[in-house]
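Visitor: Starting off with a structure, shown below.
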Amino acid sequence: MADFAGLNIAAVERDTGLSKDTLRVWERRYGFPKPLRDSLGERLYSSSEVDKLRCIKRLLDQGYRPGKLMGASDDELARLLESPAGAAAESRDFSPELSAIFDMVKLHRSDELRGLLTQALMKQGLQQFVSAVVVPLNQRIGEGWVRGEIEVMEEHLYTELLQNTLRAAINAYPPQGKRPRVMLTTLSGEEHSLGLLMAEAMLVPEGVQCVSLGIQTPISDIELAARSGNFDVVALSFSAAYSARRAVEGLVSLRSRLPEAIELWAGGAGVRDQQRRLAGTRIIGGIDDTVAALREWRATRIND
């Protein structure tokens, strides 16, 4: 590998304008770029990868979404660069209501942001708020971070106010205790809790009794709580920052330790497209699939 004349990550950052963190996130999330490693284990990027990264950066600046670009060929990227109309069409998908919320995040206007989130929640209802407001906002905030439009502090502001909004709405529902009884948590190393709140917000209006153990629960503790707490479902969330390999290993281990009668659900970007590797685990493909999984459980298990 010593003879490979690639650029190190610092040089690629200077050349493309893409931060080191962004390059590492893309490598983990999208499988591109795929740098080789030198004798010290440092990343080395080929000239063709750097050329493609330059094109991607230009398209991001025009408003394209990262997920649309990563799997594109060089020819496809060139056509997009020649036809910026596609980016304009993408940006039109973001409604004025969501744009106003996004602007409040960038301006650090916490009171106005809280008010807009609450207004959207009251207008939409909890489930529709999650699927029609929170999901596209999360995507836009993530893309804004990739493009350099959103700083870490701003993302934290958004997440904190959104979590407070969701918790207040969830707690406003009177407990009904209908089956299934669902445990919500994350595995060790997963520090993001927003996915759990989103799932709970979809389930509580359906009368489901949800119990959250919080984040980073050891597998042995999940097993003990599931057995002793009379749970029907254990639901886990995995963010894009969580290793897919680690998620699969953890889910396989947990599935083997849980009684067959307890269903195991897993959702989030960290386990997307992993269903074939996870026999016995229900992968929640999108937030609306949470309700679909619930209805399937009730249709097959409610009289057990």
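Visitor: Go ahead and estimate [θ] at 222 nm for the chain from helices alone: -39,500 (n - 2.57) per DSSP H run with n ≥ 4, summed, over the residue count, rounded to 500.
Guide: Value at 222 nm, helices only: -16500 deg cm²/dmol.
Visitor: A follow-up question, please. What net charge is computed for the residues neighbouring CYS55, neighbours being all others with C-beta under 12 Å from the C-beta of CYS55, Lys and Arg scored +1, Asp and Glu -1?
Guide: Taking every other residue near CYS55 into account, the sum is -2.
Visitor: Just order 33-41, 149-157 by mean Cβ neighbour count inside 10 Å, highest at the front, would you?
Guide: Averaged packing, sorted descending, gives the order 149-157, 33-41.
Visitor: Tilt of helix 219-228 relative to the longest C-alpha principal axis of the chain, in degrees (0 to 90, nearest 10)?
Guide: The two axes meet at around 20 degrees.
Visitor: Compute the length gained on full extension between GLU151 and GLU97: take 0.36 nm times their separation in residues and subtract their Cα-Cα distance, giving the result in nm to one decimal.
Guide: Here the segment from GLU151 to GLU97 would lengthen by 17.3 nm.
Visitor: Beyond 26 Å, what share of the Cα-Cα pairs of the range 46-179 is found? Please give it as a whole percent.
Guide: 36
Visitor: Now a separate question. Under a point spin-label approximation (7 Å from Cα along Cα-to-Cβ), what is the TYR30-SER48 distance to one decimal in nm?
Guide: Each label point lies 7 Å from its Cα, and together they span 1.7 nm.
Visitor: Also, I was wondering about something else. Which of these values of Cα extents along the principal axes in Å was calculated from the structure shown: [x] 60, 49, 38; [y] 55, 41, 36; [z] 62, 46, 31?
Guide: Among [x] 60, 49, 38; [y] 55, 41, 36; [z] 62, 46, 31, the one derived from this structure is [z].
Visitor: Something else about it: May I ask you to list the aspartates and glutamates whose Cα is less than 18 Å away from that of LYS178, ignoring any residue fewer than eight positions away on the same chain?
Guide: Output for LYS178: GLU200, GLU206, ASP232, GLU263, GLU296, ASP304.
Visitor: Related question: Order the peptides 179-191, 247-259 from the highest to the lowest mean number of other Cβ atoms within 10 Å of their residues.
Guide: Order by mean packing, descending: 179-191, 247-259.
Visitor: Can you give me the angle between helix 152-171 and the longest principal axis of the chain, using Cα atoms only, in degrees from 0 to 90, rounded to the nearest 10?
Guide: Taking Cα atoms only, the helix is inclined about 20 degrees.
Visitor: Taking LYS57 as the anchor, which lysines have their alpha carbon closer than 24 Å to its alpha carbon, excluding any fewer than eight residues away along the same chain?
Guide: The qualifying lysines are LYS20, LYS34, LYS68, LYS106.
Visitor: Something else now. What is the fewest-to-most order of PHE94, PHE238, PHE231 by other Cβ atoms lying within 10 Å of their Cβ?
Guide: With the sparsest Cβ surroundings first, the list reads PHE94, PHE231, PHE238.
Visitor: Pick from ALA201, ALA235, ALA168: which is most flexible by mean-square fluctuation in a GNM of the chain where alpha carbon atoms under 10 Å apart are linked?
Guide: Result: ALA168 has the largest fluctuation of those listed.
Visitor: A follow-up question, please. For the residue pair ARG227 and ARG167, what label-to-label distance in nm results when each label sits 7 Å from Cα along the Cα-to-beta-carbon direction?
Guide: In this crude label model, ARG227 to ARG167 measures out at 3.2 nm.
Visitor: Working from Cα positions, state the angle (0 to 90°, nearest 10) between the long axis of helix 96-106 and the longest principal axis of the chain.
Guide: 70
Visitor: When only C-alpha pairs under 8 Å and at least 6 residues apart count, what is the relative contact order of the chain, in percent?
Guide: In percent, rounded to a whole number, it is 12.
Each value in this text was obtained by applying a stated rule to the coordinates, not by laboratory testing. Worth saying up front: this structure is predicted, and the values here are computed from it rather than measured. Cβ: placed from backbone, ideal geometry, glycine included. Neighbour counts: every protein chain shown.
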